[in-house]
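*Asks:* Please read through the structure below; I'll follow up with questions.
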Amino acid sequence: MKNILASILIGISVLASGQDQLNVTIIGTAHYFNPDYQTIQNFGAVQDFILELNPDIFCIESIPVNDTLSLQEIWPNTMKRADKLKDSLRAYSIADVGATYYANYDFWNAYYQWHLKILSGDSSQGFSKYHKDQSNSEFGLMIFPAAQKLGIPYLYGIDYRDGEGEFMSANNKVLKRLFFSLKWKPLRIYLKTQKRYKKAEKTGQLIEFINSPEFQDAFSSLIDNLPQRLPKSEEAKFIKAYWLNRNKVMAERIVETAQVNGARKVLLTVGSAHVTHIQRFLEEMGHSVTTYGQILNNSNN
């Protein structure tokens, strides 16, 4: 009887866990695509993949409006512009969805709304000075077009950047130390990866390359092994700790966002350097994760 009861309880536990499990698909991106090579990249294939996936929600690498510390760290001047716009909207009773998002620090949803207006023939000249051009970014080339075709009204930011200034300062110090020491292996890996990146870009294979395990593992290994390569460097320890914490928070925000919205199928578009660690944290939390690189690899095999 006890064994039967135990089996029932285990079954209930597994069922409850399954109900909470998310299916997250991660597409690694670059934040800038050279216009000289855009026409030969496979942006259309990515859009088609997203349309077929038909996710419940889009999560993107942007800072959510409630994370004021990260916003102040990265976008202090943009926030000041947003505050002035908010005053103008209030003073002149202006109604514009994109401008309202911008005024509340939701910058990429503002750009998305202005993107939709431009597609509809409305150039939104009244807010052109606030409209950061996305034509060369992952947003203008893949995310906005796919979201528009699916009728997705809102993109959910999950980034975390509090302490980014300290991270960049530590990163610069470590790079200098590597250049003027015998610890050349990380630099060789980095430079070799950058060379392959440029080759992939010029041959129209950039999306495929940055989503490959080769590219993502090279970066994640550099971060994971950095303190061992520079054991006396406090900056190296800080870089790893900050990077892991940033990606952990992003994974937690994906889960929280999905739960709040009752979503089960999530698309995450994020800089390709983040894919490995975010996948790791999500899987440790019990969620199912598929990467675009895995799908490409399976289709090739």
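*Asks:* Considering Phe238, Phe215, Phe281, which residue is part of a helix (DSSP H, G or I) and touching a Lys or Arg at 6+ places or on another chain (Cβ under 7 Å)?
*Replies:* Of the residues listed, the single one that is part of a helix (DSSP H, G or I) and touching a Lys or Arg at 6+ places or on another chain (Cβ under 7 Å) is Phe281.
*Asks:* Could you list, ordered by first residue, the pairs with Cβ atoms under 7 Å in which the first is in the stretch 79-91 and without any contact (Cβ under 8 Å) to a residue 60 or more places away in the chain and at negative phi and the second is of a type in the set (S, T, N, Q) and part of a helix (DSSP H, G or I), at least 6 apart or interchain?
*Replies:* From the stretch 79-91, the pairs are Met79/Gln72; Leu89/Thr100.
*Asks:* Determine, yes or no, whether Arg90 is out of contact with any strand residue (DSSP E or B) (no Cβ under 6 Å at 6 or more places or on another chain) and closer than 29 Å to Tyr242 by Cβ.
*Replies:* Answer is no for this residue.
*Asks:* Can you tell me which of Ala273, Ala263 is of a type in the set (A, V, I, L, M), surrounded by fewer than 22 Cβ atoms within 10 Å (Cβ to Cβ) and not in a helix (DSSP H, G or I)?
*Replies:* None of the other options fit; the residue is Ala263.
*Asks:* Can you confirm whether the stretch 194-201 contains a residue that is touching a residue at least 60 places away in the same chain (Cβ under 8 Å) and more than 30 Å from Thr68 (Cβ to Cβ)?
*Replies:* Yes, the stretch 194-201 has at least one match.
*Asks:* Right, here's the next one. Given the conditions (1) modelled with pLDDT under 90; (2) of a type outside the set (Ser, Thr, Tyr); (3) not in a helix (DSSP H, G or I), which single one is not true for Val174?
*Replies:* Every condition holds for Val174 apart from (3).
*Asks:* While we're here: Check Lys265 against each of (1) under 26 Å from Trp108 (Cα atoms); (2) out of contact with any Asp or Glu (no Cβ under 7 Å at 6 or more places or on another chain); (3) in contact (Cβ under 8 Å) with a residue 24 or more places away in the chain and name the one condition it does not meet.
*Replies:* Status for Lys265: all satisfied but (2).
*Asks:* Does the stretch 156-168 contain any residue that is among the hydroxyl-bearing types (Ser, Thr, Tyr), in a strand (DSSP E or B) and within 24 Å of the chain's Cα centre (by Cα)?
*Replies:* yes
*Asks:* For the stretch 97-124, name all the residues that are in a helix (DSSP H, G or I) and of a type in the set (S, T, N, Q).
*Replies:* Matches in the stretch 97-124: Thr100, Asn109, Gln113.
*Asks:* Against the conditions (1) free of Cβ contacts under 8 Å to residues at least 24 places away in the same chain; (2) within 21 Å of Val249 (Cβ to Cβ); (3) open to solvent by 40 Å² or more (accessible area, probe 1.4 Å), where does Asn171 fall short? Just the number, please.
*Replies:* Only one criterion is unmet by Asn171, namely (1).
*Asks:* Determine if the stretch 105-121 includes at least one residue that is on the phi > 0 side of the Ramachandran plot, at pLDDT 95 or above and open to solvent by 60 Å² or more (accessible area, probe 1.4 Å).
*Replies:* Checked the stretch 105-121: no residue is on the phi > 0 side of the Ramachandran plot, at pLDDT 95 or above and open to solvent by 60 Å² or more (accessible area, probe 1.4 Å).
*Asks:* Residues of the stretch 130-155 being in contact (Cβ under 8 Å) with a residue 60 or more places away in the chain and surrounded by 17 or more Cβ atoms within 10 Å (Cβ to Cβ), which ones?
*Replies:* Ser137, Glu138, Phe139, Leu141, Met142, Ile143, Pro145, Ala146, Ala147, Ile152, Leu155
*Asks:* Please count how many residues of the stretch 42-96 are in a helix (DSSP H, G or I), under 25 Å from Val275 (Cα atoms), aliphatic (A, V, I, L, M) and open to solvent by less than 20 Å² (accessible area, probe 1.4 Å).
*Replies:* Selection size over the stretch 42-96: 3.
*Asks:* With respect to the numbered conditions (1) buried (at least 21 other Cβ atoms within 10 Å of the Cβ); (2) in contact with a Lys or Arg (Cβ under 8 Å, 6 or more places away or on another chain); (3) among the β-branched types (Val, Ile, Thr), which one is the sole condition not fulfilled by Ile223?
*Replies:* Tallying (1) buried (at least 21 other Cβ atoms within 10 Å of the Cβ); (2) in contact with a Lys or Arg (Cβ under 8 Å, 6 or more places away or on another chain); (3) among the β-branched types (Val, Ile, Thr), Ile223 fails exactly one: (1).
*Asks:* Would you call Glu214 out of contact with any strand residue (DSSP E or B) (no Cβ under 8 Å at 6 or more places or on another chain), modelled with pLDDT of 95 or more and either open to solvent by less than 30 Å² (accessible area, probe 1.4 Å) or within 18 Å of Gly293 (Cβ to Cβ) (or both)?
*Replies:* So Glu214 does not fit the description; no.
The values are calculated or read from the model by the stated rules, or taken from the named source; none is laboratory data. As the structure is a computational prediction, the values presented were derived from the model and not from experiment. Note that each Cβ is placed from the backbone with ideal geometry, even for glycine, and that neighbours are counted across all protein chains shown. Note: areas computed on protein heavy atoms with side chains; ligands, DNA, RNA excluded. Shrake-Rupley method; radii C 1.70, N 1.55, O 1.52, S 1.80 Å.
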